[in-house]
Amino acid sequence: MSQIEMFGKTQNGDDVQRISIQAGELTAHILTWGATVQDLRHTAQKAPLILGFDTMKAYEAHDSYFGATCGRVANRRGGAAFELDGQSFKLDANDGSSCLHGGQHTFGRRNWIVEAVGDDFVILALISKDGESGFPGMVSVRATFRIVAPGRLSINYEASTTKPTLVNLAHHSYFTLRGDRENVLDHVIELPTTRYTESGDDLITTGRILDAKNTDRDFTDGRAI
């Protein structure tokens, strides 16, 4: 059964709730803070499957976005600016000269509200005001977390806006399949792709799509991270 409990308070005094959802062999704990997956567990393993913190103080002290919902625009926007319909917009530069995960008003460090909850799902909602972090338009966002048997966590994002704008939401969990959680360097990963997007020293993609074959980006046959 679903359960809602107090997780803690933000530095501004806002109450952060933790919602527990469960179905079959999987249980997830979702925070209203950042629409964050704080804990994910399978009955086959005692330890969590993802990284997360046990206190609000730890979440506010770190910028790792463990399990958070990143937006308005996930990843980096080079130069902290963009053009849309012939108009230029200047954004928060919170990662060097780039705008990372939506800037100072990132969705991953905001307290969402619980819109609906059931045994195996919870829907969280957030409103981003027109002009926040430099982005045009008011944006209404909904995140649905649902456990789908047998043992799959589904995350669905929806957004509507009052003006043309940029919206690119992403989930940001760090997964670990080791019970001791020391590191994931011996995890074997397999990616069915032979190409990757090139990034510069500033971690901004250059627009070039390169061949991964016989490079350190080639995981087609599966190898340790």
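The values are calculated or read from the model by the stated rules, or taken from the named source; none is laboratory data. Quick caveat: nothing in here was measured; it's all calculated off a predicted structure. Here the Cβ positions follow ideal geometry from the backbone for every residue, glycine too, while neighbour counts run over all protein chains shown. Heads up: the accessible areas ignore ligands, DNA and RNA and are worked out on the full protein's heavy atoms, side chains in. Shrake-Rupley method; radii C 1.70, N 1.55, O 1.52, S 1.80 Å.
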Filtering region 37-69 down to residues that are modelled with pLDDT of 95 or more, of a type in the set (Gly, Ala, Ser) and more than 22 Å from ILE147 (Cβ to Cβ) yields ALA58, ALA61
Scan region 100-127 residue by residue and report those that are in a loop (DSSP other than H, G, I, E, B), open to solvent by less than 30 Å² (accessible area, probe 1.4 Å) and touching a strand residue (DSSP E or B) at 6+ places or on another chain (Cβ under 7 Å). HIS101, GLY102, THR106, TRP112
Can you spot a residue in region 130-138 that is free of Cβ contacts under 8 Å to residues at least 60 places away in the same chain, surrounded by 17 or more Cβ atoms within 10 Å (Cβ to Cβ) and under 24 Å from ALA23 (Cα atoms)? no
Please go through region 184-202 and pick out each residue that is under 25 Å from ILE50 (Cα atoms), modelled with pLDDT under 90 and open to solvent by 70 Å² or more (accessible area, probe 1.4 Å). LEU185, ASP186
Give me the strands (runs of 3 or more DSSP E) completely within region 1-99, filtered to those with at least 1 residues that are under 30 Å from PRO164 (Cα atoms) and open to solvent by less than 70 Å² (accessible area, probe 1.4 Å), ordered by residue number. 26-31, 36-42, 68-70, 81-84, 87-90
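If you scan region 214-225, which residues turn out to be of a type outside the set (Asp, Glu) and under 12 Å from LEU191 (Cβ atoms)?
In the first step, residues of region 214-225 are kept if they are of a type outside the set (Asp, Glu); the result is 214-215, 217, 219-220, 222-225.
Matches in region 214-225: ARG217, PHE219, THR220, GLY222, ARG223, ILE225.
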Selected residue (criterion: modelled with the lowest pLDDT) from residues of region 140-179 that are under 27 Å from ASP221 (Cβ atoms) and open to solvent by 80 Å² or more (accessible area, probe 1.4 Å): LEU177
